[in-house]
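Here the structure comes first, spelled out in structure tokens, and everything after it is commentary.
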Amino acid sequence: MAAARLLGRSILLAEKDGFAAGYIGSAITSCGGRLVGPLSSVAQALARLEGDDLPAAASLNVSLADGPSWPVADALVRLGIPFLFLTGPDGRNLPSRLCGAAVLTKPFAAYQVCEALDALIRRHDPAPARTS
């Protein structure tokens, strides 16, 4: 299975567009991930990262309702949580501190989201997810 590491793992989704959030969220859950979100703003995403139940990975739209998702990415880096930026063809202008981040450029297929998140989790935690 291409996205085995998503099974049972929580994936934070920060996306301001309702249609895109539905599409990406559906991809995550169809690959066995537990969807956290969608969260449409930087403020919502940062609040969600303050709890004890942290996600295994995150998918961030570069542009959220209250500004660029850079503060969320910075928090994920501090917490050691792998993440993926989703962006349109003109949105690859990341701040220099985030230039090494994984990026998936729209348009993309649902399976590409799952594969990209799976690859991030695989690099971060090579042990497969445990399901009960």
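The values are calculated or read from the model by the stated rules, or taken from the named source; none is laboratory data. The structure displayed is predicted, hence computed values, not measured ones. Every residue, glycine among them, receives a Cβ derived from its backbone with ideal geometry; neighbour counts consider all protein chains shown.
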Return the residue satisfying two criteria in turn: it lies in the range 4-56 and is assigned to a helix (DSSP H, G or I) and either touching a His at 6+ places or on another chain (Cβ under 8 Å) or among the basic types (Lys, Arg) (or both), and of such residues it is surrounded by the fewest Cβ atoms within 10 Å (Cβ to Cβ). Arg48
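Can you go through Ala73, Ala102 and tell me which one is without any contact (Cβ under 8 Å) to a residue 24 or more places away in the chain, under 17 Å from Ala56 (Cβ atoms), among the hydrophobic types (A, V, I, L, M, F, W, C) and in contact with a Leu (Cβ under 9 Å, 6 or more places away or on another chain)?
Numbers: Ala73 fails: without any contact (Cβ under 8 Å) to a residue 24 or more places away in the chain.
Result: Ala102 is the single residue among Ala73, Ala102 that is without any contact (Cβ under 8 Å) to a residue 24 or more places away in the chain, under 17 Å from Ala56 (Cβ atoms), among the hydrophobic types (A, V, I, L, M, F, W, C) and in contact with a Leu (Cβ under 9 Å, 6 or more places away or on another chain).
Out of the range 93-123, which residues are in a helix (DSSP H, G or I) and either at pLDDT below 80 or basic (Lys, Arg) (or both)? Full working, then the answer.
The first filter runs over the range 93-123 and keeps only residues in a helix (DSSP H, G or I), leaving 96-98, 110-123.
Arg97, Arg122, Arg123, listed by residue number.
For the range 39-55, give me each residue that is touching a residue at least 24 places away in the same chain (Cβ under 8 Å) and over 9 Å from Leu12 (Cβ atoms). Break it down stepwise before answering.
At the first step, the residues of the range 39-55 found to be touching a residue at least 24 places away in the same chain (Cβ under 8 Å) are 39-42, 44-46, 48-49, 53-55.
Once the filter is applied, which keeps residues that are touching a residue at least 24 places away in the same chain (Cβ under 8 Å) and over 9 Å from Leu12 (Cβ atoms), the range 39-55 yields Ser40, Ser41, Val42, Gln44, Leu46, Asp53.
Mind checking which residues of the range 56-76 are of a type in the set (Val, Ile, Thr) and within 17 Å of Ile11 (Cβ to Cβ)? Steps first, answer last, please.
Initially, the range 56-76 is screened for residues of a type in the set (Val, Ile, Thr), giving 62, 72.
Of everything in the range 56-76, just one residue is of a type in the set (Val, Ile, Thr) and within 17 Å of Ile11 (Cβ to Cβ), namely Val72.
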Take the residues in the range 108-121 that are closer than 20 Å to Val72 by Cβ and touching a residue at least 60 places away in the same chain (Cβ under 8 Å), then tell me which one is surrounded by the most Cβ atoms within 10 Å (Cβ to Cβ). Leu117
Search the range 76-107 for residues being among the charged types (D, E, K, R) and loosely packed, with under 11 Cβ neighbours inside 10 Å, and hand back the single one that is farthest from the chain's Cα centre (by Cα). Asp90
